[in-house]
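Every number here is computed from the coordinates shown, using simple stated rules; none is lab data. As the structure is a computational prediction, the values presented were derived from the model and not from experiment. Counting neighbours? That spans all protein chains shown, and the Cβs are built from the backbone with ideal geometry, glycine included.
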Amino acid sequence: MKAVVVGGGIIGTMHALLAIEAGHEVVQIERDPRPLSASIRNFGLVWVSGRAVGPELEIALRARQLWEEIGNRSKIGFRTQGSLTIAQNESEFEVMKAAALMPDAHSRGFKLLDRNQVQAMEPVLQGKFVGALQCTQDAAVEPSLLFSGLREYLSSSPLYTWKPNFEVVDFYHDETGNHVTDINGNKVSGDLMVICPGSAHQGFLAEFLEAAPLRRVHLQMGATVPFGASLNHSIADADSMRYYPAFKDLPLDTLAPQEPIAAAYKMQLLLVPRLDRTFTIGDTHEYEEPFTHEILEAPYDHLRSVISAIFGTPAPAIARRWSGNYSQMTNGELYYRRELAPGAVVVTGGGGRGNTISPAIAEETINAWPQ
């Protein structure tokens with residue numbers, strides 16, 4: 001059957017990839033010359049450690065398996081590097097002890113490390129900290145390589161067609177199938193269709209998403225200059241445990257209050273080492289629109305101070321700063337899927353977990369298609 005995938009971000013691209021592997025002919029449409037939105041502005045993390053117990057963890061673990069399989073077949077910079085959530089004091093370390101005793105700790109790859117064990121793994125970390133919670137299931141891809149690598153892999157299939165610079169303005173269904181058109185009246189049709197708009201909730205989808213439990217979230221991130229020593233894990237600070245649902249039942253009230261700037265912008269330190277030895281760092285969260293268009297300096301000052309404290313050396317300078325938006329569910333569901341017509345669905349709302357679970361989202365969509 002012929003499938004049309006609208007959207008060139010990671011959720012759309014995973015639908016295209018898995019649809020081809022299921023034997024469908026696929027046309028993938030993107031409004032820009034190449035993906036330019038949240039999928040290339042994120043950390044590239046496959047972040048299992050913070051996922052909520054139950055269905056969220058289950059879909060993340062399945063996605064982690066799919067990511068590794070895809071990474072073994074394509075040039076996306078996939079790395080099973082794991083993560084270290086650093087405890088900078090004893091109260092943070094006590095919470096991490098509780099995390100290491102969670103019933104599903106083994107599934108998450110949790111292991112409690114003291115300071116000496118951390119430094120044996122990462123000698124570059126010489127700052128003030130007590131220990132860390134390691135997660136061996138966490139992984140990473142390179143956002144700069146991700147779409148070129150996936151497109152190269154997809155383009156090797158005779159079943160795949162890439163159609164950029166096609167901005168959809170209308171969708172309709174009739175007895176011949178599902179159709180989208182652009183402003184010039186050009187049409188692309190298929191038996192099956194999945195529309196993956198990311199945070200673009202308006203336009204031709206506005207009538208379908210008007211009552212959907214969705215919101216947009218604005219975040220700011222940055223990238224440093226190259227670091228002079230190797231780092232083999234992604235790094236998080238204990239503030240991250242305040243925001244990830246895996247830890248909601250732990251004694252988080254024993255943690256010291258956040259720094260005011262961190263509390264104001266719902267901040268955590270996430271630091272991902274890149275293949276070029278730069279670090280991607282972040283992030284902030286804003287939930288009330290209209291969002292600011294300013295790239296604020298105070299959050300970056302806070303992130304660099306946390307990095308300096310953990311590393312024991314001045315944090316590398318920031319070379320680039322950026323902001324972006326993603327689509328998030330507001331009702332606790334993992335993501336949003338709605339049937340628009342027979343054989344056509346819209347899929348969005350993955351939120352901060354979207355990159356992590358994108359292949360499993362696509363798998364669930366395609367498993368529901370007629371064979």
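Using θ = phi - 60° and the Karplus form 6.51 cos²θ - 1.76 cosθ + 1.60, what ³J(HN,Hα) does each residue of region 145-150 get, whole Hz, x for Gly and Pro?
Using θ = phi - 60°, the values come out as 9, 4, 7, 5, x, 5 Hz.
So what J values fall out for region 61-66 if you push phi through Karplus, 6.51 cos²θ - 1.76 cosθ + 1.60 with θ = phi - 60°, rounded to Hz, Gly and Pro as x?
The phi angles translate into 5, 5, 4, 4, 5, 5 Hz.
Nearest 20 debye, what's the magnitude of the dipole of region 231-371 about its Cα centre given +1 on Lys and Arg Cβ and -1 on Asp and Glu Cβ?
Computed about the Cα centre, the dipole is about 380 debye.
Between S308 and S91, what length in nm is gained on full extension when 0.36 nm per residue of separation is reduced by their alpha carbon distance?
76.1 nm
Loop-only chymotrypsin sites (Phe, Trp or Tyr not before Pro) in region 275-371, please: DSSP not H, G, I, E or B, and at most 16 other Cβ atoms within 10 Å. Can you show the working numbers first?
Values: sites: F279, Y287, F291, Y300, F311, W322, Y326, Y335, Y336; in loops: Y287, F291, Y335.
Answer in residue order: Y287, F291.
Sequence neighbours fewer than 8 away in the same chain don't count; with that in mind, list the lysines whose C-alpha is under 30 Å from K163.
Partners within reach: K2, K75, K187.
Full extension from D104 to K163: what is 0.36 nm times the residue separation minus their Cα-Cα distance, to one decimal in nm?
On the way: separation 59, 0.36 × 59 = 21.24 nm, distance 4.29 nm.
That works out to 17.0 nm of additional length.
Between (1) 682; (2) 155; (3) 135, which entry matches volume of the Cα convex hull per residue in Å³ as derived from the coordinates of this structure?
From the options (1) 682; (2) 155; (3) 135, the structure gives (3).
Under 15 Å from a label point 7 Å along Cα→Cβ of R321: give me every residue in region 211-247 with its amide N that close.
Residues 219-225 qualify, since their backbone N sits under 15 Å from the label point.
Just going by the charge dipole of the chain, with Lys and Arg at +1 and Asp and Glu at -1 on Cβ, which of G332, G351, Q117 is farthest out on the positive end?
Q117
Size of the dipole of the chain about the Cα centre, Lys and Arg at +1 and Asp and Glu at -1 on the beta carbon, nothing else charged, in debye to 20? Walk me through the intermediate numbers first.
On the way: 31 positive and 42 negative charges, 184 e Å.
Value, rounded to 20: 880 debye.
How large is ³J(HN,Hα), in whole Hz, for each residue of region 262-278 in order, when computed from phi with the Karplus curve 6.51 cos²θ - 1.76 cosθ + 1.60 and θ = phi - 60°, using x for Gly and Pro?
5, 5, 5, 10, 6, 8, 9, 8, 10, 9, 10, x, 9, 5, 8, 6, 7
As a test of the formula, what do you get for the chain when each DSSP H run with n ≥ 4 contributes -39,500 (n - 2.57) and the sum is divided by the residue count, at 222 nm and rounded to the nearest 500 deg cm²/dmol?
The helix-only estimate for the chain comes to -8500 deg cm²/dmol at 222 nm.
Charges at C-beta only: +1 for Lys and Arg, -1 for Asp and Glu. How large is the resulting dipole of region 120-211 about its Cα centre, in Debye rounded to 20?
Taking the Cα centre of region 120-211 as origin, the dipole is about 420 debye.
Setting aside same-chain residues fewer than 8 positions from K248, which lysines have a Cα under 22 Å from its Cα?
List returned: K97, K111, K266.
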